[in-house]
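Only one structure is covered here, and it is reproduced in the block below.
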Amino acid sequence: MQWLVMERWSPYTVGMGIGILSWAAFLLSNKPIGVSTAFARTAGMIERFLRGPRVLEKPYYKKFPPVIDWEWMLVIGIIFGSFLSALSGNTFHLQWVPDRWSEAISPSPFLRLIAAFIGGVFIGIGSRWAGGCTSGHGISGTMQLAVSSWLAVIFFFISGIATAAAVYRIFS
Amino acid sequence: MLHQIHERQRLQLLIGFLIGVIFGFLLHKGGITRYDVIIGQLLLEDFTVLKIMITAIITGKLGIHVMAHLGIAELHPKPGSIGSSILGGLIFGIGFGLLGYCPGTIAGAVGQGSGDAIFGGIGGIIVGMTFFAGFYPRLAHTVLAVGNFGELTIPQKMNVSPWIIAISVAVLLSLILFLIHVYR
């Protein structure tokens, strides 16, 4: 059982595992693995809590009702699974600023939180704009050979590579 | 038999959770719940993310096409348009480069104890989606409809058997994977 407590596995083992897991999702649940819709449902739940049931009239929340569904449980599962892996490899710890950011940009937790928040806003808008994220389009959609997914994932990376290069050139 | 499983809603929630646990475990063991590894990919220094994604796509693709051919699984390609897939992709990428996590890996980052994910990124994603839900009615029939192609797949677009594309893409991706493995 030595492999279970290893901190990292080969990327090829992990990739094959995710590929096989996607077979299970199609077989057992008739669904591709995807993540971002669950965040949209959560946004709806929070908005309904803060502003009352009238937010359910919004066309987007009619399309994706703010309810707990398969994908929402999948995201809860991801948090838990990652936690188990971190425990098994003995790497779980609270870290405010990632090492690379801290060395190249700033060790300030405040600055990192602001950047993460702004980045999150773009991810939130972009993933709903494109109708999926790196899981739903990047892995599940590309394996189904969907035109939408191949286009989206290519532009995720083009724009991500340009942004990362700009951030690290300007601020470091 | 599978249809009966698909219709049992509580069981489906449990299956979703269990698939998520395995997915999160794999993402973390692969190292891609870490900001350093994802930003390393975007800075073209560490190719772990692409190695995992490409291996997953090849493995997944061959399996689901066999299952679809045997009639035991249905494919669900997402709809898209030029305005949605390309512009959405570009907006997403800005966030990807700044945040250094995507929606799946940030859930994993929460589980490993990353404070920037828990107190920064997650909140940002939810706020961004709330904005999007607010201006969705103005986008739906304008920019999101530009160059609409629906639930199109590459084999449909090229009017050939899905097998030809599935196998050619697998060969092409294997070649890319081999080059990355050798040169990185």
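The values are calculated or read from the model by the stated rules, or taken from the named source; none is laboratory data. What you see is a predicted model, and the numbers here were worked out from it, not measured in a lab. Reconstructed Cβ throughout: ideal geometry from the backbone, glycine too, with neighbour counts over all protein chains shown. Surface areas here come from the heavy atoms of the whole protein model, side chains and all, with no ligands, DNA or RNA. Shrake-Rupley method; radii C 1.70, N 1.55, O 1.52, S 1.80 Å.
Pick out, from B:182, A:129, B:120, the residue whose Cα sits farthest towards the positive end of the charge dipole of the protein assembly as shown, with +1 on the Cβ of Lys and Arg and -1 on the Cβ of Asp and Glu. So the residue we want is A:129.
Once the 1.4 Å probe is applied to the protein heavy atoms, the protein assembly as shown comes out at 43 Å² accessible per residue. For the protein assembly as shown, with all protein chains in place and a probe radius of 1.4 Å, 70% of the accessible heavy-atom surface sits on carbon or sulfur.
Peptides A:111-120, B:171-180 ranked from most to least packed, by the mean per-residue count of other Cβ atoms within 10 Å: A:111-120, B:171-180. For residue B:72 and residue B:180, the difference between the fully extended length at 0.36 nm per residue and the C-alpha to C-alpha distance is 35.4 nm.
The residues of region A:7-21 listed by number as losing at least 10 Å² of accessible area in the complex, against the isolated chain and with a 1.4 Å probe, are A:7, A:8, A:9, A:11, A:12, A:14, A:15, A:16, A:17, A:18, A:19, A:21.
Rounded is the label for region B:2-183. Its Cα gyration tensor axes, ordered a ≥ b ≥ c, give a/c under 1.5.
With a 10 Å cut-off between alpha carbons and a GNM built on chain A, which of A:140, A:127, A:85 moves the most? Sorting by GNM fluctuation, first place goes to A:85. What you get for the protein assembly as shown, charging only the Cβ of Lys and Arg (+1) and of Asp and Glu (-1), is a dipole of about 560 debye around the Cα centre. Interface area, chains B and A: about 10500 Å² of buried accessible surface, summed, with a 1.4 Å probe and ligands, DNA and RNA left out. For chain A, the ratio of Cα radius of gyration to the globular rule of thumb 2.2 N^0.38 Å stands at 1.18. In this Cβ point-charge picture (+1 for Lys and Arg, -1 for Asp and Glu), region B:2-183 has a dipole of about 240 debye about its Cα centre.
Cross-link pairs exceeding 21 Å between alpha carbons, from the set B:51/B:157; B:29/B:51; A:62/B:157; A:31/A:63: B:51/B:157; A:62/B:157.
For region B:1-61 and region B:88-164, what is the separation of their C-alpha centers, rounded to whole Å? Distance between centres, Cα-based: 16 Å. The distance between label points at residue A:110 and residue A:2 comes to 4.9 nm (points 7 Å beyond Cα on the Cα→Cβ vector). Rounded to the nearest whole Hz, the Karplus-based 3J(HN,Hα) values (6.51 cos²θ - 1.76 cosθ + 1.60, θ = phi - 60°) of region B:38-52 follow the sequence 5, 5, x, 5, 5, 8, 6, 9, 10, 9, 4, 4, 5, 4, 5, with x at glycine and proline. The three principal axes of the Cα atoms in the protein assembly as shown give end-to-end lengths of 54, 53, 39 Å, sorted in falling order.
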